[in-house]
Amino acid sequence: MLVCFGVLACQPSFAQDTNKITATITFMNVQPNEVLDIYKATTKQELIIASDVRLANHHITLHFSGSSEALPALIEQALLKQTGIVITRLDDKRASVTYNDHLELQP
């Protein structure tokens, strides 16, 4: 289970009836840099972060429960739609993180 409220406190859990790792995560008004830290830990990728990403001053709210394999894509979508932060996977080990201030954001 991953539960994150403002100050992050996250912990994985295992489904009792299978060997698959499941995740439950809740972000409520979390800063983008904290969400990027969770994304980095989840994907084990090096994040190459553009200097203007710090300009994204919107907060992330996300509620998810399911396969931990689906979590990175959901975080990518939440960052894109709620803050204008774009994650582009460069290869298996690296991802580029940029900010587009012209995107229409969703709450």
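Readers should treat all values here as calculations from the given coordinates under stated rules, not as data from a laboratory. Everything numeric in this text was worked out from a predicted model, so none of it was measured. Please note: Cβ atoms are built from the backbone with ideal geometry, for glycine as well, and neighbour counts cover all protein chains shown.
Ranked from largest, the principal axis spans of the Cα set of the range 56-107 equal 29, 27, 14 Å. The simple spin-label model puts a point 7 Å past each Cα toward its Cβ; for LEU55 and ALA73 those points are separated by 3.1 nm.
Sorted ascending by nearby beta carbons within 10 Å, beginning with the fewest, HIS58, HIS102, HIS63 become HIS102, HIS63, HIS58.
The alpha carbons of the range 12-107 occupy a box of 45, 30, 18 Å along the principal axes, longest dimension given first.
Ordered by the count of other Cβ atoms within 10 Å of each Cβ, fewest first, LYS40, LYS20 give LYS20, LYS40. Ordering LEU105, LEU74 from the fewest to the most neighbouring beta carbons within 10 Å gives LEU105, LEU74.
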